[in-house]
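Readers should treat all values here as calculations from the given coordinates under stated rules, not as data from a laboratory. Because the structure is a prediction, the values reported are computed rather than measured. Here the Cβ positions follow ideal geometry from the backbone for every residue, glycine too, while neighbour counts run over all protein chains shown.
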Amino acid sequence: MDKYCSKCGGKLVQGLYSIRGTLNDSTIDDKAIGYKCQSCGSVQFEDSIIHKILLKNKSNIVSEFIPVMINNIGQIIEESELSRGEIAKALGVTEQRISNIINNDNIPLVLTALQLAYLLDVQYEELYTIKYISPEQYYNLCTYNTDFNQVKELVPVYNKLYDNKILSNSNKLTKEKQKELKAEKKALTEKATEIKESLDYDYIIRKGNSMLKSNWQKAIELGLITGDNE
Ligand SMILES: [Zn+2]
């Protein structure tokens, strides 16, 4: 069936045309099957084609770039009419936990974060904004004022330390094995503390690849990352 131009009514011819533009904050720059008007020369694409290119583009970003979560919670709470104490009470957690969430010492469960967003009357994305940065920029963030190897070393220590499956089932083990586990946990805690203290934690990508908004802005000012990350 022939297709006709939506602008001038001229006949459209199918071909491979360059497609450029943005959709949902993603930039498209590719070639795609489209239709060119024989009269006015305008090129048109079907929506499904744009969508397919967009998904391909997103796959590239997600597989090649590293996600960083910017934590805006502190600022949102400050601007809200609720105190940390009131928020803690409503969520049924301690005030310390709220502080930990604000400082990125702790990433809340999705459910808790959704409740927090509801409580503060904001969208979930306002609490945590995701940014995708190149591996080079990620490396810049990790190595600023610190030793990247220490950061790499810290992660497995933490993972092991917080793998509570073994520890919570330790009552099923022999007294001797329990003692051994306790000693291992103590050693790991000491090791983690030692590494942590040696780092300038302000600029480190924290647990769950998260960063405070203020540090993200500072990293841009310092030229560690560019400000044009999506
Ligand atoms: Zn036309």
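Remark: the residue 109-residue 122 segment gains 3.0 nm on full extension, using 0.36 nm per residue and subtracting the alpha carbon distance. Pairs of Cα atoms nearer than 8 Å and 6+ residues apart set the relative contact order; for segment 12-64 it is 31 percent. The alpha carbon gyration tensor of the chain gives principal lengths a ≥ b ≥ c with a/c of 1.5 or higher and a/b greater than b/c, which makes the shape prolate.
Distance between the 7 Å Cα→Cβ label points at residue 218 and residue 94: 2.6 nm.
In terms of other Cβ atoms within 10 Å, 129, 193 run from fewest to most in the order 193, 129. Taking 25 Å as the limit for the C-alpha separation, the pairs 58/160; 131/152; 52/218 exceed it in the case of 58/160; 52/218. Basic side chains Lys and Arg get +1 at the Cβ, acidic Asp and Glu get -1 at the Cβ, and with that the dipole of segment 12-64 about its Cα centre reaches some 140 debye. For segment 70-136, the relative contact order works out to 43 percent when only alpha carbon pairs closer than 8 Å and six or more residues apart are counted.
Ordered by packing density, taken as the mean number of other Cβ atoms within 10 Å over each peptide's residues, highest first, how do 171-181, 107-117 rank?
Values: 171-181: 10.7, 107-117: 14.9.
Put in order of decreasing packing, that is 107-117, 171-181.
Give me the dipole magnitude in Debye, nearest 20, for the chain about the Cα centre, with unit charges on the beta carbon: positive for Lys and Arg, negative for Asp and Glu. Don't skip to the answer; put the middle values down first.
On the way: 29 positive and 31 negative charges, 196 e Å.
Here the size comes out at about 940 debye.
Averaging the sequence gap over all C-alpha pairs within less than 8 Å and six or more residues apart, then dividing by the number of residues, gives the chain a relative contact order of 20 percent.
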